[in-house]
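The values are calculated or read from the model by the stated rules, or taken from the named source; none is laboratory data. Bear in mind the structure is a predicted one, so any value in this text is a computation, not a measurement. Cβ atoms come from the backbone with ideal geometry, glycine included; neighbour counts cover every protein chain shown. Each accessible area value is taken on the protein alone, full model and side chains, heavy atoms only, with ligands, DNA and RNA left out. Shrake-Rupley method; radii C 1.70, N 1.55, O 1.52, S 1.80 Å.
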Amino acid sequence: MKKITVGIAGTAKNTGKTTTTITLLNHFYELGTPVGLTSIGYDGETVDNVTGLPKPRLFVRPGLMVATAEKCLLAGSAGVRVLDRLEIGTPLGRIACGRVEREGLLVVAGPNQVKHVRTTIDYFYRQGVELVILDGALNRMVPMVEADGLILATGAAFNQDISQVALQARYFSVICNRPRVVPLPEGIPDDRQTVVWSPGGDVLAFTSGSLFRAEQLEPLRETASQAAGFYCPGVIAPDCLKQLLKMPFPPGTTFIFADPVKLIISGNPASAVHFIEAVLARGGAVGYRRSLPLVAVTINPFYPSYRYETGDYRPAYVDGEKLFREVSALAGVPVFDVVARGGEGLASLLRELASPKIPLGGCSLN
């Protein structure tokens, strides 16, 4: 088994991210696989701070490697033997790395910067960990680029309209898996500027590294018709993607972005998918400097239903079988309901992806 890191992100609160994490921890504990766990930022509340409904807690067992802020070790019932403290500060103290010696509940608050997540993953690997689980969320997803693959947790808490849940899963699949890793041509600067270049590899024009307003693209307009490629290293807003499609780029132009996260966090995955599909339809190409393949989707039919008469929430559910069918039809990747169907299928998928014979993020995922 090769060492891999898998990120788990939810499309909203209560979509089953924590349940997915717990399911995988339990499965790999039974197999005796060395696992490391951390999160991007804070997780582990006893109740949802909006709805007041109970949240699944991270129940951990002996042998698990964890990385969490020092003060969090005092908030749970799990016994953790601290092995090292990394030079990574958080509002809850430095990141402490250790091994669980007594099972119990754990509060996880990990690093929230890309370089610090990388440092933590590398520490786990040096300790013999084979699978790192990186707990995250869409609103704090940027450091997830350090993962080798992404599991998306979604469901009725995101939208009770099942067709919309399925459509959102498709958007993530297209954004993460359709473009391939594409290197920049030699001589094209990989820095903080957005650039366009000619067929000969000469820089024709440049503008801001992150694009939030359509007018930021104006410096590229005059030379767009001569361009062979476009590279944006930062975040790009939906309006800018729409404007790129209106500019006179030749049909075969290659558009390169830093990674899928830069398109996801723009807040409108539908616009990103429209851009990708429009460029491909014109005979062009869309690529990333760095991949984050979507490897699976987990679904949760539960949602908190607000009761106006009492001013609180009650548990409610959509049709779980219908949810499974519709998401499976559009997601383009394996879909799992780990509560209704168990976690064996998802865990088996991760074991396959960790096989040295299967390149994570390769064409086998599409």
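Structural remarks
- Selection of the range 114-135 for residues being open to solvent by 10 Å² or more (accessible area, probe 1.4 Å) and either in contact with a Pro (Cβ under 6 Å, 6 or more places away or on another chain) or of a type in the set (A, V, I, L, M) (or both) yields V114, G128, E130.
- Tally, over the range 1-27, of residues that are basic (K, R) and closer than 15 Å to D337 by Cβ: 1
- Comparison of G267, G283, G287 shows that the only residue that is modelled with pLDDT of 95 or more and at positive phi is G283.
- Taken over the range 183-209, the criterion of being assigned to a loop (DSSP other than H, G, I, E, B), open to solvent by less than 40 Å² (accessible area, probe 1.4 Å) and under 17 Å from K262 (Cβ atoms) is satisfied by L184, G209.
- The C-beta contact set for the range 259-276 (first residue among the hydroxyl-bearing types (S, T, Y), second residue in a helix (DSSP H, G or I), distance under 7 angstrom, 6+ apart or interchain) comprises S266/P238; S266/A272; S271/P238; S271/L241; S271/K242.
- The range 44-85 - residue that is more than 27 Å from Y303 (Cα to Cα) and in contact with a Ser or Thr (Cβ under 6 Å, 6 or more places away or on another chain) and, of those, modelled with the lowest pLDDT: A69
- Residues in the range 277-305 that are under 21 Å from V6 (Cβ atoms) and part of a loop (DSSP other than H, G, I, E, B) were compared, and the one that is farthest from the chain's Cα centre (by Cα) is R289.
- Members of the range 167-182 that are outside any helix (DSSP H, G or I), under 30 Å from E326 (Cβ atoms) and open to solvent by 30 Å² or more (accessible area, probe 1.4 Å): R178, R180
- Subset tally (residues that are modelled with pLDDT of 95 or more, farther than 10 Å from M65 by Cα and aliphatic (A, V, I, L, M)) for the range 89-107: 2
- Taken over the range 324-351, the criterion of being touching a Lys or Arg at 6+ places or on another chain (Cβ under 8 Å) and open to solvent by less than 30 Å² (accessible area, probe 1.4 Å) is satisfied by A331 alone.
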